[in-house]
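What follows is calculated from the coordinates using simple rules that are stated; it is not laboratory data. What you see is a predicted model, and the numbers here were worked out from it, not measured in a lab. Backbone-built Cβ (ideal geometry, glycine too); neighbour counts: all protein chains shown.
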Amino acid sequence: MAATHADEIPLRHVEKEVLIPKIMREKAKELCASKVEAFTHCCKESGFLMVVKCQEENAALKECLTQHYKDPAFFEECKKEYIQEKLEFERTGIPAKDRKQKLPTSM
């Protein structure tokens, strides 16, 4: 009998330490999009002086990202998303990135 609840799925070390944090980084960048955009804009405008001129934008971005990385509820949310993708892959054999890419063309 296969486990179907997220809490029942045993996760490997690489899943907890690499794959789920990767999802966390991607989602945190989306949640901190305005800070990412401000920092990127500052860097483009400042050229080589970005290290000096963009400290405020860099600090705001780091603070936003770190807030999400340290949030246990955010980890659990990303863990559930990872497990759903894993179960869907086991069911279909199609990786999540391929499902997402193929979805718009099949509609």
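Overview of results
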{"quantity": "Net +/- balance of residues flanking Glu17 in space, Cβ distance below 14 Å, scoring K and R +1, D and E -1", "calculated": "+4"}
{"quantity": "Of Lys62/Lys97; Lys44/Lys70; Lys22/Lys80; Lys16/Lys86, those spanning more than 24 Å from alpha-carbon to alpha-carbon", "calculated": "Lys62/Lys97; Lys44/Lys70"}
